[in-house]
Every structure is written in structure tokens, then in C-alpha cells.
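Have a look at the structure below before the remarks.
The values are calculated or read from the model by the stated rules, or taken from the named source; none is laboratory data. In this text the structure is predicted, and so the values were computed from the model without any measurement. Heads up, the Cβs are rebuilt from the backbone with ideal geometry, glycines too, and the neighbour counts pull from every protein chain shown. In case anyone asks, the SASA skips ligands and DNA or RNA and just uses the protein heavy atoms, side chains included. Shrake-Rupley method; radii C 1.70, N 1.55, O 1.52, S 1.80 Å.
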Amino acid sequence: MATLSKQKIGSVLAKQGILIAFAVFIVAFTLANNKFLTVDNVFSVVPASAKQGVMALGVTFVVISGNLDLSVGSMMSFSTIVVLDLHDKIGPFLAIPAMFAMTLCLGAFIGILVGYLRLNSLIVTLGMLSAIHGLTLTYSGGQNMDIADKEGTWFSVFGQGTALGIPVPILIFALLAAVLGLMLSRTPFGRKVYAVGGNGTAATFSGIRRARTVFMCYILSAFCVATAGLIQASRSLGSQNTVGQGLELEVLAAVILGGASLMGGSGTIFKTVIGVLILGFIQNGLLLLGLQFYVQYVVTWVIIILAVWLDIAAKRGRLWSPIA
Amino acid sequence: MTDTKPILRLDGIVKTFPGVRALDGVSFAVMPGEVHALMGENGAGKSTLMKVLGGIHQPDGGAIYMGDEQVVMSGPLEAKAKGIVFIHQELSLAEELTVAENIYLGELPRKSFGRVDWKTLAEKTNAILKKLRVGFDALTRVGDLSIANQQMVEIARALTVDAKAVIFDEPTASLTDAEKVVLFDVISDLKADGVGIIYISHRMEEIFKITDRISVLRDGQYQGTVATPETDEERVTQMMIGRKLDLTRNALHHELGDVALEVRGLSCGKLYTDISFEVRRGEVVGFYGLVGAGRTEIAETLFGLRDPSAGQILLDGEEVRLNSPVDAIARGISLVPEDRKGQGLVLGMNCRDNMTLPQVDDLTAGPFVAEGAEVAIFDQYRDQLDIRTPGWRARVGNLSGGNQQKIVIGKWLSMHPSLLIVDEPTRGIDVGSKSEIHKLLRGLAAKGYAVMVISSEMPEVLHVSDRIVAMYSGRIMRTFTSDEVTEDSLIQAISGLGGDGKAA
């Protein structure tokens, strides 16, 4: 009996571990720096997280379907560069839909490879990470992209505008989270995503078109990336080719932190949003503590590994499983 | 044998999983130099018991003794260190390595500076292989060996440690008769050395040939131990299933309706050839044969999962092409697949969502899934099939095998199919649920469903079928009506003897 209750405590700890760790972080940061838990700071963290957050929403679908998307960072660079370039060439009205169409094509390409050809998503999207980066550099000729007339364009509204006193990026994030959250939890499509990720064979045996479902997840992911690219471009009105570099890991960290299993079949949009916020606060807290921003790369990875460990431990019911 | 002490003793082992009591106070002892059979139907708890013994599962109650000493098996390594060796049904060999490397993996003999002593390794390995009288040597790559020989490597591996108890789990499943003889010799050598042997098998013939005692499990409970010479197959079977083997035939016939499915000359590569049969509404047609006879493949073709290479499929007299399960479902075909957990269910999903999965596109209110309608469907089939679950929110993975199977059946009944195909409907589920499912299948026929039942269990086929199609090696050997079928003729037909003469 003693071992049983010990196991139970272990599994509760493992399941709630992230929230407990989050609470410890918040308390520690608040004690260390009295600016941390202020309205101003909270309002500065959330907009900064909006871009990653939007991408994490799409990646949540991909991960629940049992796949990965490591190409979102370089895809966002692509969207950003393309929309900035087209802004001056064909005007923002046409530039935005054109950029969305091009990004969705990239998503469709990945979707075909992973969904219909059943190639391993890790390999495909890792390859696409590099390929899209090359595509972006080819497109831009290696140059940074800037909007000529930064003062005179309404394009800045997506990244810099406010509505009802709330920054537009937050509104976009919230709106997308609500729509995609409902899509995942309430529509037949969402149900199929869980089924395909939970047991693809059983999904096929239930008459679910597995390839199409996976394909749609990558389309959604690309749509979210395009939206994040729009926010990024609109915020800065100029960009380097590498603006999205490394974001794929932050985004994946947020999704896993939210509790989506890399095995597929579990996770929710709500939890991903929590994951995004936790990651945002932790990174902000580290900055407020006076640590250099590059420390967060290390911390992000420590957090991912911790989250994966706790996820596995919760399933096994114990933290340590020495299976030879 | 009563004067010696057991080498290994399990006392009152209890193991529960969420929703199931897999082992309920099982006690069991092995004497040195004894071959002790462990028998029971699928799902009776044999493998769980062995996993407890091997340290893979920790028991929730009871104790394990070796000699007089109580031991705790904290993991597979510990079990091995204590001299308990498993020969698994599934092989766990590194195919790219040689036989010798596989056998001594982790304990390769060393020379100075950690270099492997290849010469000693080969000598030691060949000595063991010689004892096993196999036709390969220490330097053969394991991937180049037949499955049977790979199994011999597994056995050789077991012989390297100072084994006190060796557990053989269905060791003859992939062996030829000649290889079996060698295996039985190995077992008798081990026996002579005073090793205790636990022998798990479904094959009565072997059990009666080589074992000294037989212990039986049923539904996680210990049913008793008998000395092999003092018992017979019938008695053991009775202990396993809790009653006499029920070989009664289905005697009830319903009024048959129109032909729902007709198959003409259907072939699929080498899997099956020239298959023709029909199923009428109100009729249960049983498909009986050995594993690999092509029955499941026919079902998969009818469900759009395989492309036939020749032949026609007619539904209600109309020829159809079924390219995917989506097509098949649209045509009113339902398949309850063979592998419940692998093909039938998304174990991490709740009961309701699993049940309504094939029709989730049609159960909508606006853009959303109509959850009320889903719950209504779940409630209807929970009541009709007597599914025992804490509620629709329960994860399917936590239900017992029988209830899981009923969820799959409910899932396909709720599609109101015109043809229902069930493949091994009662595999691995308890006796009670079994007869409920049989009743259910008969009831469906009475309501006018056309039902195909694929089964490897003769009592099941006899029990539910109006007609029985006997298959052997991808061909239909003979079709029986339930009035004319006898056990003997059925067994002959599925063994490729005395059929209609269709097959050579």
C-alpha cells in the first residue's frame, strides 16, 4: 500500500508538475524583482508572445495529429519577407492575400509529403526548415527587406495598432485561439485530428481519410504562420531574412509545455495558450532578473526536456524507469 | 515430488489495472526438475502473471518466493540476475549482429583494454549451439536465420546464465516438427539439471507430451493444478472455460431475405483465389479456417482496404467497386476488425467519441458536432449491448476486453449496416461476454441483418452460423449448412482434406 500511494503522489506531481513549476517561477521572480507581477509588465509580455502564440495554435493541430512541424520558423521568415516586398510592389491590399496564398502553398507541399506520401514529418519539416530558408534568401537576394514609406502605410495596424485599448496582435491571437479552439474541440474535423493522432489505423478502419486530415493540419499550420508573419512584418515594417529563426523550437516548447503529447492524440488549444503564456513569462522573468537574452535559449530547452520527461513519467506512473 | 521444495512460488498474486482485475489471488509453484504447464484462454491472465514474475509489472498484492526466501522483482534485469529466464514468443534479437554477439550481449568476454575476446566468444557460443544441435555457427548474422533458428538463439541465450527457472511462452508457435523435437530435448536436459520450467502453450498435444503438471487460470483466477498423467484434454478444457466445450450447433433458422452480398470469383494475388459466396439478409455465414487461410483478407477487400486482382462484388445485386473504407461505409458495409486495440479503437478517446467516429461528419448541428445526438447513440447501444462503463466520458483504454469489443460492435451497429462483418469477435474476452456476443449476432440476423462471422474457434462458428464456409490456404474448400456440418468434416475441410475437390 505504501508504494501504491507513493506512486499516486508521483503521478499527481507529474501531471501537475508544469503548473507547480510555473507557480514557483512566478513567486521566485516576483520576490526577486518587484516589476514582474505588474500590469505594465504583464501587458508587455502578452503582445510579445502573440506571434509565437499564433504559430503554436497551428502546430497544436499538427502535433495532435501525431506529426511535427519544425518548418514554422523559417516559413515565418518567408511570409514576412514576401509581404514586405510585395507591399511596395503591389500595395498592401494585394500583398497580404498573395503572401497568404504563397505560404499556404508551402503548407500544402508539406501536407502532401507527410499526409499523402506518408513520409516522416520530422525529416520532411526539418528539410523544409532549410529549404524554405534558401527560398527566402533567393527571393530577397539576401537583402534585408524594408517598406519605403514607413509613416504613410496603414499596414502597421496588425502589429502596432490597438483596438479598445488592446494591442491588435493580442486580439488576433485571442480571436484565432477561440476559432481554432472551437474547431478542434467541437467540429468533426477536430475529432478526426484526435482520432488520426491517437490511432491512425483505427481511424482508417472507421472511414476517416487520414491523409486528408493530416494535410489539413499542415494547411492550418501554414495559415497560422502566415498570420504570424503578417504581425511580424507589420510590427517592424522591415526585416532580416532570419527573423523567424529558432522560433520553431519555442513554438514546439509551448505546445509540449501545454501538455500535448508528441505521440499524438492529446492536447488542447486552451492548454497550448497556457503553454505560450508560461514560456513568455519565464523568458520575461529571466530578462527582468538581468540575465542576458541568450540565456533563454538554454532555459527554453531545459523546459522542453523537463516537460517531455514529466509527460512520460505521468504515463508510466513513476519518474524514473530503469528499463534496460 | 512432494518432498522437495518449490524452486519458485507465487503466493496470492493480485494485479489490477484501471477497470480490470487482471490477477485475483493467483498462487502457483514450480518444483525443481519439473515442467509445469500454465494454461488458460486468451486474457485469462497468463501473460500478466509472467510479467509480474519478470518484474515488468509490480503486483498489488501477494508475494514471490524463491526457495524459502521472499523476493521482489523490481525489474527484468533483477529477475534475470535471480536466475529467471524468459523465452518470449516475440523475438528480441539484434538482427545486424552475429549469433555469438546476441547470445552474450552485455557480457562479452574481454581481453586487456576492454577489447572483445572474439576467440573465446566463438568457442563458448559454439559449445552451446552444439548442445542445441542447430545448423549454424557463432558467426552467422542473426538476420540471415529463419524465425525458428532465431528462436533457437533466444534459447541459447537462456542457457548462458545459471537458470533456476525458465519460462517458455508459446515456444513452438513458429517451429517445424523437427525443430520441436530439438526443443523438447533441450527442455528435458534443463529438467535433468534441476531447472524448473514453466511452459505456456495452447497446444494440448504438446502439453500432454512434455509436462508434469498443469495449472489453469481463468479470468484472472487460479483454477487449480492437476498432475498431467491423471487428467485429459477434456478436463483441462473444462477448467479453462468453466464448462464443457459447447459444440452445439445453431438450430434456429430465420426466414431468409434477399441476397445482400454476392461475391463472384474474387481473387487477391496470392492471398486468396476464386472466392464465390453469397450472404442473405437474416443469415449468419461463418468463415472458418486456420490463421492465414485468407479470411481476414477477404473481409478487408470487402471493406475497401485491399484491391482484388479479379472477380466481382455485388451488393443488393449491383456490382460495386470499393476503393476505401469510406466507399464501403457509404455502401452500408461495417467491419468489426480482428485487432480490437490496433484497428478498432482509439484507446485514448472516450467511449462516446469512439462509438460515433465513423458518422461524426453526419452528426452535426451547424459547424459543430451534435454532442447530444452522440450521447443518445451511446446510451442506446450501451443499454442494448449492456456495456459496463462508468459513463461515456470513460477512456476506452480503461475498459475490459469484452466491453471494449462491445464498443466496437456498437460503433458499427449504429451505422445501421446492410452487411455486418465481424472478424474474431470474441478473441481475448471472457466467457460471459462471449456468449452475450454470440446471442447478439444471432439477434441481429433475426432482425434481418446480413452477417459474416470470421472465427478461428470452432464452437463459435458452430454456435452462430446458418452456413459455414471452410477455407484452406486462400480457397473455399466447402460450404456447410448448420444441419449437415460435423466437427470432423469441418476440421478435414480446413486442413485441406476432403473438400469439394476445388483445391488441389
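Brief remarks follow.
- Subset of B:80/B:406; B:124/B:341; B:51/B:209; B:46/B:270; B:51/B:439; B:180/B:406 violating a 31 Å alpha-carbon distance limit: B:80/B:406; B:124/B:341; B:46/B:270; B:51/B:439; B:180/B:406
- Given charges at beta-carbon only (K, R positive; D, E negative), |dipole| of segment B:45-137 in Debye: 360 debye
- Geometric descriptor of the protein assembly as shown, per residue, is 216 Å³ (volume of the convex hull of the Cα atoms).
- Think of each Lys and Arg Cβ as +1 and each Asp and Glu Cβ as -1; about the Cα centre, that makes the dipole of segment B:338-416 roughly 340 debye.
- The P(r) of segment B:376-442 has a tail past 14 Å containing 56 percent of all C-alpha pairs.
- Computing FRET efficiency as 1/(1 + (r/R0)^6) for residue A:182 and residue B:383, where r is the C-beta to C-beta distance and R0 is 41 Å, gives about 0.85.
- Peptide-level mean, for B:323-334, of C-beta atoms on other protein chains within 10 Å: 2
- Kirkwood-based Rg to Rh ratio, segment B:159-217, C-alpha trace: 0.94
- Per residue convex hull volume, Cα atoms of segment A:89-133, in Å³: 68 Å³
- Listed by chain and number, the lysines placed with their C-alpha closer than 22 angstrom to that of residue A:271 are A:15, A:51, A:192, A:315; residues fewer than eight positions away on the same chain are left out.
- When the square roots of the Cα gyration tensor eigenvalues are ordered a ≥ b ≥ c, the ratio a/c for chain A is 1.5 or more and a/b does not exceed b/c, which makes its shape oblate.
- Residue-averaged 222 nm ellipticity for the protein assembly as shown, from DSSP H runs of 4+ at -39500 (n - 2.57), nearest 500: -15500 deg cm²/dmol
- Accessible solvent surface per residue of the protein assembly as shown, calculated while the other protein chains remain in place, 1.4 angstrom probe, Å²: 44 Å²
- The 1.4 Å probe gives accessible areas that order B:120, A:103, largest first, as B:120, A:103.
- Residue list for segment B:65-105, given a label point 7 angstrom along the Cα-to-Cβ vector of residue B:14 and an amide N cut-off under 18 Å: B:65
- Each residue of segment B:87-143 gets 90 Å³ once the volume of the Cα convex hull is shared out per residue.
- Dipole magnitude of segment B:86-235 about its Cα centre (Cβ charges: Lys, Arg +1; Asp, Glu -1), debye to nearest 20: 680 debye
- Each peptide among A:73-83, B:435-445, A:270-280 gets the average number of other Cβ atoms lying within 10 Å of its residues, and from highest to lowest they stand as A:73-83, A:270-280, B:435-445.
- Peptide B:350-362 shows a mean partner chain C-beta count of 4 within 10 Å per residue C-beta.
- Of all aspartates and glutamates in the structure, the ones whose alpha carbon falls short of 15 Å from that of residue B:164, not counting any fewer than 8 places away in one chain, are B:34, B:68, B:69, B:78, B:189, B:193.
- Kirkwood analysis of segment B:8-241, using all unique Cα-Cα pairs, places the hydrodynamic radius at 18.6 Å.
- Protection-proxy order for peptides A:228-238, A:151-161, each taking the mean of Cβ atoms within 10 Å per residue, highest first: A:228-238, A:151-161
- Straight-line reach from residue B:447: taking Cα to Cα under 16 Å and skipping same-chain neighbours fewer than 8 places apart, the aspartates and glutamates in range are B:255, B:258, B:283, B:466.
- Counting only other chain Cβ atoms within 10 Å of each residue's Cβ, the peptide A:187-199 averages 6.
- q = 0.07, 0.10, 0.12 Å⁻¹: log10 I(q)/I(0) that the Debye formula gives for chain B, counting C-alpha atoms only: -0.47, -0.92, -1.20
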